[in-house]
Amino acid sequence: MHRAFFALPVLLALTACLSGDKGDRTYTETAVTEGPLTTQRGSMLSNQSGRVLVPVELDGDEVSFMVTAKTDTLISLEAILDENGDEVVNWKDWLSAKSTESLTSAFYVYGYDSVVNWPVRDVDRSLSAGTWTARFTTLDEDYYYVEDVLVDYTVQTKTDEDLESAVVKVRLVWAEGLDTRNDLQQAVEGAMERWREVWGAAGVTIEVTEVSSELDPELTVDSVAPFPNDEVDYGGDDDDVTVIIGETINGTRGLYGQSGGIPGTLISTANAAVYISWLTNAGRDGEFQEYEVLLLGETMAHEVGHYLGLFHPVEATYDYYDALEDTVECTSWSKCEDQLGENLMFPYPLCSFSDCEPQGNLTVDQSAVMNLYTGAL
Ligand SMILES: [Zn+2]
């Protein structure tokens, strides 16, 4: 009996402490600028209608910005508003029944974080000085709006006079034990050469830092499910992209690689990585032939291409497309393989038992998306 009496005040104290804590955690940090990239962190509560209005301060020199919002409930992007409060993009225009094009995965209710890079395409470029807004919604598991949810956000902006060339910093993380294998080291080295070649046509180079880790080589990725991953801190800085080399993804040999988002974020979240299965790329025998080294390179270039904001020019259903004008909208597998099969972002590799078609082309519009990624500096 005594326990029950004691429990009540303790419970009240806890509740009081929690709500006090919530209030204290609403803040904005001072922005940190490193070269062309400025990063600002903050935190706020969703309002009565379940909206979170993240301010994006622009002084007019920026070419793009990225907003990453994290919380402990479902969250997605609803709209971006310019300095006058006018909507420049709204999810309804992209997720309606008649829309057959994808612009950003920020509109999808994926999980407990949401990432948007703006502008996505060359035609979306219109940044001007003032306070822009990224409007997110917080939702419960039944997709009802929820108020009073604490959201941590990071706003990153980049200035860049030259949108024809950029460097993406890649943090290559080896799952446990793989970096001591000579065959894999050699294959990845050769693959990165192909990756550099493919991206080079878009004016994007990679600067790679390799890291050993204790990650299980059987990678588990839940980012496609509408449930959160456990928060995994892959480390790294606020200007790099993490690429993890593992043996398999989700226990299957059918996945070559997977991106943590379209686009993915530069900061640390549960989905802040690109996952690569070396074993799937090495084929049935698990040994890298020369063409499989090239395939691995194209897989890396493709998956990190997603991370920079590129969708497949056509999905494998042949009725859903990216939002770019210079990638054709083909309507059958034969036409699509014929017209887009050589594109880096084609949804699947075209391989026979002993060779694969080179798949490294990027269009002008695709290159622009890559260069507008806030982490392409
Ligand atoms: Zn893909």
Flagged in the stretch 350-360 as surrounded by 14 or more Cβ atoms within 10 Å (Cβ to Cβ) and of a type in the set (Gly, Ala, Ser), in numbering order, are Gly360
> Hey, any hits in the stretch 289-302 for a residue that's over 25 Å from Asp183 (Cβ atoms), surrounded by fewer than 24 Cβ atoms within 10 Å (Cβ to Cβ) and assigned by TED's automatic domain parsing to the domain that holds Pro217?
Replying inline: no
Residue pairs within 7 Å by beta carbon, gap of at least six or interchain, first lying in the stretch 210-221 and outside any strand (DSSP E or B), second open to solvent by 80 Å² or more (accessible area, probe 1.4 Å), listed first then second, are Ser213/Glu176; Glu214/Glu176; Leu215/Glu176; Asp216/Glu176; Pro217/Glu176
Output for Cβ contacts, cut-off 9 Å, separation at least six or different chains, first residue modelled with pLDDT of 95 or more and among the β-branched types (Val, Ile, Thr) in the stretch 334-354, second open to solvent by less than 30 Å² (accessible area, probe 1.4 Å) and within 14 Å of the ligand (Cβ to nearest atom), reads none
Answer yes or no: is there a residue in the stretch 7-23 that is surrounded by 11 or more Cβ atoms within 10 Å (Cβ to Cβ), at pLDDT below 95, closer than 26 Å to Tyr307 by Cβ and out of contact with any helix residue (DSSP H, G or I) (no Cβ under 6 Å at 6 or more places or on another chain).
no
If we ask which residues in the stretch 112-132 are surrounded by fewer than 19 Cβ atoms within 10 Å (Cβ to Cβ) and outside any loop (DSSP other than H, G, I, E, B), their number turns out to be 5
Considering the stretch 312-333, residues that are within 11 Å of the ligand (Cβ to nearest atom) and open to solvent by 20 Å² or more (accessible area, probe 1.4 Å), and then whichever is farthest from Ile206 (Cα to Cα), we arrive at Ala316
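Among the helices (runs of 4 or more DSSP H) contained in the stretch 266-377, which hold 1 or more residues that are under 19 Å from Thr242 (Cα atoms)? Break it down into steps so the answer makes sense when it comes.
Working: elements: 278-281, 290-307, 333-340, 364-372.
Correct list: 278-281, 290-307, 364-372.
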Matching residues in the stretch 90-111 (under 11 Å from Ser76 (Cβ atoms) and open to solvent by 20 Å² or more (accessible area, probe 1.4 Å)) number 5
Filter the stretch 259-276 for residues that are within 13 Å of the ligand (Cβ to nearest atom) and over 10 Å from the mean Cα position of the chain (by Cα); the one that is modelled with the highest pLDDT is Ile276
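When you look at Tyr256, is it closer than 22 Å to Ser105 by Cβ and either modelled with pLDDT under 95 or of a type in the set (Asp, Glu) (or both), yes or no?
Numbers: closer than 22 Å to Ser105 by Cβ: yes; either modelled with pLDDT under 95 or of a type in the set (Asp, Glu) (or both): no.
For Tyr256, the condition - closer than 22 Å to Ser105 by Cβ and either modelled with pLDDT under 95 or of a type in the set (Asp, Glu) (or both) - is not met.
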- Say whether the condition of being assigned to a helix (DSSP H, G or I), over 30 Å from Leu295 (Cα atoms) and of a type in the set (D, E, K, R) is met by at least one residue in the stretch 145-167. no
By residue number, the members of the stretch 334-349 that are within 10 Å of the ligand (Cβ to nearest atom) and open to solvent by less than 10 Å² (accessible area, probe 1.4 Å) are Leu344, Met345, Phe346
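The values are calculated or read from the model by the stated rules, or taken from the named source; none is laboratory data. All figures in this text were calculated on a predicted structure; none of them were measured in a lab. Positions of Cβ are generated from backbone atoms using ideal geometry, with glycine treated the same way; all protein chains shown enter the neighbour counts. The protein model used for the area step is the full one, side chains on, heavy atoms only, and it has no ligands, DNA or RNA in it. Shrake-Rupley method; radii C 1.70, N 1.55, O 1.52, S 1.80 Å.
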